[in-house]
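One structure is given here, and the rest of the page talks about it.
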Amino acid sequence: MLSRLIRLAAPAAALLLAACTTPEPPVKPAPPAHPEVAFEESSFDRLPQIQDHTWEPALAAFQRSCEVMQAGPVWEDVCRSALATDPIGAQRFFLANFTPWKVFVANDDATLVQDTGLMTGYYEPELLGSRTRSAPFTHPIYGVPDDLLVIDLAELYPQLKELRLRGKLEGRRVVPYDDRATIQKRTDLAPRAIAWVNDPVDAFFLHIQGSGRIRLPDGTFMRVGFADQNGRKYHSIGTWLIREGHLKSHELSMQRIRRWARENPSRVDEALAQNPSYVFFEERKGSPDLGPLGAQGVPLTPEASVAVDLRYWRLGTPFIVDASQASPALKIVRPVIAQDTGGAIRGIIRFDYFWGFGDKAGEAAGRQKSNTFSWVLVPNGMKPEDIMVRR
């Protein structure tokens, strides 16, 4: 009864006060950047042990990010310090300028529900190909088609600023753009090919990685990178291979998928078509001594660059990741810099770890599917919300 009276009395008291005073306009607090994310302040001495040699590549990667973000108010001071730091001072730089905050996925009332996420791996593959179609180079790497429309609705609907629709015209209607199965059968796109390669599975994995090098017949290479996409969601062909009984779940890896394709050439197109997403490429310039350009427009650093979900994290943000898996055994604890993104990278604690270039990096990337803890490194004096993307 008492609680009921209090609830009834509160509105009456509010009306009485309103009659006696002129209320101030309510101050509306700024909404949190993302209510589904929570943080816990930590310190470097409470983190898992980080090997000394991992700080130097992280500094090199962060310095590259600073070249494009140093003018921003969040990063101006810390970038000035980073660009003045020698490699030998890498660890000292991070420990002196950042505070680690552990990242959690939270539910609606900000109760901490989990602190683990997923980290996969990617790499820069090398393909064999040619700028012109001639056997054995008969599988296209397409540039952006002339009939692909990209519709940005942010000006009319600001709440949709992260959404770009992709489609094509049919008469006066805009319809979804072709899926992979349809694109694989089209012949009118041949003039849009920027290269031709000798293996459809290699081309498929290039789409997943988003960038690569194509070794040309004269021994030179061309570097290609993501230019656009058909707007369809990514589906793993591994799921189809397991469902159809071609592979067991514990066998799934990039290497095992390649082996299945070699053993079943007549079913390769069917398998690849299970992923309706299709990537279009452009030729990229760059030194062979540097990694491919990531979404931030700077070369990626092997084992120091990661792809993140840009709905939450700004490019250039540093993290500590603690990733592990049992089969095959893998343990990674190191500082990394967010410098890239990808269509399958969706989530708060979701990383794609750049292993580098070539077959060895590809083997490591193809086997990685790690449970991951993460700490975002926030410039001293700031809070994680200050460096996150605000919707």
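The values are calculated or read from the model by the stated rules, or taken from the named source; none is laboratory data. Remember, predicted model here, so these are calculated numbers, not experimental data. Methodologically, a virtual Cβ is constructed for each residue, glycine included, from the backbone with ideal geometry; neighbour enumeration extends over all protein chains shown. Only protein heavy atoms, including side chains, enter the accessible area calculation; ligands, DNA and RNA are left aside. Shrake-Rupley method; radii C 1.70, N 1.55, O 1.52, S 1.80 Å.
Restricted to helices (runs of 4 or more DSSP H) entirely inside the range 195-270, those with at least 2 residues that are touching a strand residue (DSSP E or B) at 6+ places or on another chain (Cβ under 6 Å) and under 19 Å from Gly143 (Cα atoms) are 200-209.
Of the residues making up the range 305-331, those that are open to solvent by 10 Å² or more (accessible area, probe 1.4 Å) and touching a residue at least 60 places away in the same chain (Cβ under 8 Å) are Leu310, Arg311, Tyr312, Arg314, Leu315, Asp322, Ser327.
Considering the range 270-304, and only residues there that are charged (D, E, K, R) and in contact with a helix residue (DSSP H, G or I) (Cβ under 9 Å, 6 or more places away or on another chain), the residue that is surrounded by the most Cβ atoms within 10 Å (Cβ to Cβ) turns out to be Glu303. For the residues Leu206, Leu189, Leu216, the requirement of being open to solvent by less than 10 Å² (accessible area, probe 1.4 Å) and over 26 Å from the mean Cα position of the chain (by Cα) singles out Leu189. Kindly evaluate Ala38 against the criterion of being modelled with pLDDT of 95 or more, among the aliphatic types (A, V, I, L, M) and surrounded by 14 or more Cβ atoms within 10 Å (Cβ to Cβ). It is false that Ala38 is modelled with pLDDT of 95 or more, among the aliphatic types (A, V, I, L, M) and surrounded by 14 or more Cβ atoms within 10 Å (Cβ to Cβ).
Taking the options Phe354, Phe319, name whichever one is among the hydrophobic types (A, V, I, L, M, F, W, C), in a strand (DSSP E or B) and over 25 Å from Ala96 (Cα atoms). Among Phe354, Phe319, only Phe354 is among the hydrophobic types (A, V, I, L, M, F, W, C), in a strand (DSSP E or B) and over 25 Å from Ala96 (Cα atoms). When residues in the range 41-75 are screened for being open to solvent by 80 Å² or more (accessible area, probe 1.4 Å), without any contact (Cβ under 8 Å) to a residue 60 or more places away in the chain and part of a helix (DSSP H, G or I), 5 of them pass. Annotation note: of Asp108, Asp86, the sole residue that is at pLDDT below 95 and surrounded by fewer than 19 Cβ atoms within 10 Å (Cβ to Cβ) is Asp108. Does at least one position in the range 212-229 carry a residue that is over 21 Å from Thr120 (Cα atoms) and of a type in the set (Gly, Ala, Ser)? There is at least one residue in the range 212-229 that is over 21 Å from Thr120 (Cα atoms) and of a type in the set (Gly, Ala, Ser).
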